[in-house]
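Read-outs: derived from the displayed coordinates by stated rules, not from any lab. Note that this is a predicted model, so its numbers are computed, not measured. Backbone-built Cβ (ideal geometry, glycine too); neighbour counts: all protein chains shown.
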Amino acid sequence: MKILGISGTHRAEGNTDLLVKKALEVCGEEGAETEFISLSNKNIEFCTHCDICKESPHTCSIADDVAEILEKMNNSNAIIIGSPTYFASVSSRLKALFDRTLPLRRNKYQLSGKLGGAIAIGGSRNGGQEFTTNQIRNWMFLHEMVVVADKTTAHFGGIAVGRNPGDALEDETGLQTVENLALKICDVLKG
Ligand SMILES: Cc1cc2nc3c(=O)[nH]c(=O)nc-3n(C[C@H](O)[C@H](O)[C@H](O)COP(=O)(O)O)c2cc1C
């Protein structure tokens, strides 16, 4: 089982990176092959609605780091996506990536049936993390993915509180939801 973790952070080694890596660590302990991508060092241009991918589904008119990420999505059985909460939403970096996944949807729903799980971190206890995970899940639904949440704690996936880089690792309750999300994904993948 191959599990890809994507962090939508703008800050390398920020809280989102740490949480997605934590989830992958648990998946690794469960026997999964894992790969981590931080969007912090990726060049991701905006989708311009040129519709080239409509005419020719495998193609995109923009040459940047997105093609490599889409290929890794295609090659995984499950995708865990984390985002910092920015004004109760996903980061603009992650949203830009979401929009650029249109060729996968237009190419016979290439992500269909893959498992998905969401993680969000915010500086405030009630800062909109649930809205943020909802946006991630909605993206998954539109790709016909199968969405799971966190085992035992059973809410919306990984939800954590922290403002400065590293704070997330102090949030024991949040870390538990991240670990439980990873466990649930592995449970479902193992059948
Ligand atoms: C522009 C901006 C908007 C933010 N909006 C929110 C918000 O709506 N709710 C919240 O709880 N935290 C908000 N935060 C705080 C971040 O979510 C928080 O610091 C998080 O840990 C950042 O993750 P990172 O370390 O991966 O960058 C915001 C931060 C920035 C810079």
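What residues have an amide H closer than 5 Å to that of Lys114, excluding those fewer than 5 places away on the same chain, when H is modeled at 1.01 Å from N in the peptide plane?
Amide H to amide H, under 5 Å and 5 or more residues apart or across chains, Lys114 pairs with Val146.
Filter the chymotrypsin sites (Phe, Trp or Tyr not before Pro) in the stretch 17-114 down to the DSSP loop ones having no more than 14 other Cβ atoms within 10 Å, then list what survives. List each step's numbers first, then the result.
Values: sites: Phe36, Phe46, Tyr86, Phe87, Phe98, Tyr109; in loops: Phe46, Phe87, Tyr109.
Passing both the DSSP loop test and the Cβ count: Phe46, Phe87, Tyr109.
Taking the radius of gyration and the Kirkwood hydrodynamic radius from Cα positions alone, what is the Rg/Rh ratio for the stretch 1-80, to two decimal places?
Reported Rg/Rh (Cα atoms, Kirkwood Rh): 1.04.
Karplus couplings for the stretch 164-174 from phi (6.51 cos²θ - 1.76 cosθ + 1.60, θ = phi - 60°), rounded to Hz, Gly and Pro as x?
Per-residue couplings from phi come out as 8, x, x, 4, 4, 6, 8, 8, 4, 5, x Hz.
Of the listed pairs Lys42/Lys72; Lys42/Lys184; Lys22/Lys42; Lys2/Lys184, which have alpha-carbon separations greater than 18 Å here?
Lys42/Lys184; Lys22/Lys42
Expressed as a whole number of Å, what is the distance separating the alpha-carbon centroids of the stretch 1-31 and the stretch 41-97?
17
For the chain, compute the orientation-averaged projected area of the C-alpha convex hull (one quarter of its surface), in nm².
Here the figure is 9.6 nm², rounded to one decimal.
Mean residue ellipticity at 222 nm from the helices of the chain, using -39,500 (n - 2.57) per DSSP H segment of n ≥ 4 over the full residue count, to the nearest 500 deg cm²/dmol?
Counting only the DSSP helices, I get -12000 deg cm²/dmol.
Between the stretch 164-191 and the stretch 127-157, what's the alpha-carbon centroid distance in Å?
If you average the Cα positions of each part, the centres end up 13 Å apart.
So what is the relative contact order of the chain, in percent, for Cα pairs below 8 Å that sit 6 or more residues apart? Let's see the in-between values first.
Working: 425 pairs, mean separation 47.5, N = 191.
After rounding, I find 25 percent.
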